[in-house]
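One structure below.
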Amino acid sequence: MNTITIIGCGWFGFPLATQLVKQGFKVKASKRDPDDLTQLQQAGIEAYQLDLAHIIADAKHSSLFDADAIVINIPPGLRRGDTDYLAYLTQLKNFIGERQYQKVIFISTTGVYPSLDQTVTEHDAAVFNDSSDILLQAEAIFSAMQNSCIVRFSGLVGPKRHPGRFFAGKTDVSRMLICSKIINS
C-alpha cells in the first residue's frame with residue numbers, strides 16, 4: 001500500500017495525513033474550501049478541492065480516488081441540522097464507482113449506540129432515533145464495499161476541541177461517562 005486518499009482532511013484528517021506522509025506514504029486529500037488547499041500542499045499532501053454540496057462535473061474521474069486505500073472522514077453535521085449527509089455520501093460512493101481498494105475506512109460515530117450505562121458491543125448498534133438511523137444508513141453505504149472497515153469515534157479531543165466545551169451547561173453527566181468517552185487525537 002503506497003497511496004492513501006483521505007476524503008475530509010480537517011481537524012482529524014489533517015493530522016492523520018501528515019503522520020502518513022512522515023511514514024513515507026503518498027497522501028491525497030480533499031478539503032471543501034479551495035483556500036485550505038495550500039496548507040495541505042505545504043505538508044506534502046496532494047490536495048484536491050471537493051465539496052459534495054457543489055460538485056464539479058469531472059469529480060468522478062478525479063485522480064483523487066485513485067489510491068490503494070481510502071479514508072472517508074465526513075462529519076454528518078446532524079447537530080447543525082444538516083439534512084444532505086446521506087445524499088453526499090451516496091454521491092461520493094458513485095464517484096468511487098468500481099474502484100477496488102486494499103482498505104476502505106469509514107469514520108463514523110458511537111452515536112449509533114443508545115445511551116446505556118453499560119459496556120456496549122457491535123450488536124447494540126441500532127436505530128433508536130432519527131440520528132442513529134441516518135448514521136447506520138451512512139455506514140451501510142460503505143460497509144458493503146470490499147475490504148471495508150467502520151471506525152466509530154466518540155469524545156475526540158485535540159487542538160480547538162477542549163472536552164469542557166462539550167459538557168458546558170449540561171447536568172447529570174456521570175463521571176464514568178465523561179472518562180470513558182474521551183479519545184485524544
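The values are calculated or read from the model by the stated rules, or taken from the named source; none is laboratory data. Model, not experiment: these values are computed from the prediction. Surface areas here come from the heavy atoms of the whole protein model, side chains and all, with no ligands, DNA or RNA. Shrake-Rupley method; radii C 1.70, N 1.55, O 1.52, S 1.80 Å.
Between amide H atoms placed 1.01 Å from N, distances below 5 Å from S108 occur with V151, R152, F153, all of them 5 or more places distant or on a separate chain. If contacts are Cα pairs under 8 angstrom and at least 6 residues apart, what is the relative contact order of the stretch 1-134 in percent? For the stretch 1-134, the relative contact order is 23 percent. Working note: Karplus 6.51/-1.76/1.60 with θ = phi - 60° gives the stretch 122-138 the couplings 3, 5, 7, 5, 7, 6, 10, 6, 4, 5, 5, 4, 4, 5, 5, 5, 4 Hz, where Gly and Pro are set to x. Only aspartates and glutamates eight or more places from K103 in sequence, or on another chain, were considered; those with a Cα closer than 18 Å are D66, D68, E139.
Computed from backbone phi with θ = phi - 60° and the Karplus coefficients 6.51, -1.76 and 1.60, the 3J(HN,Hα) list for the stretch 106-119 is 9, 7, 10, 9, 6, x, 7, 9, x, 6, 10, 8, 6, 5 Hz; x is used for glycine and proline. Quick one: grab the alpha carbon gyration tensor of the stretch 1-97, order the square roots of its eigenvalues as a ≥ b ≥ c, and give me rounded if a/c is under 1.5, else prolate or oblate depending on whether a/b is larger than b/c. Since a/c reaches 1.5 and a/b is larger than b/c, the shape of the stretch 1-97 is classed as prolate.
Protein heavy-atom accessible surface, 1.4 Å probe, per residue over the stretch 1-79: 52 Å². Got the relative contact order for the stretch 23-95 handy, in percent, Cα pairs under 8 Å and 6 or more residues apart? Over the stretch 23-95, the number comes to 26 percent.
Rounded if a/c is under 1.5, else prolate if a/b beats b/c, else oblate: with a ≥ b ≥ c from the C-alpha gyration tensor eigenvalues square-rooted, which is the stretch 1-41? Here the stretch 1-41 falls in the prolate category.
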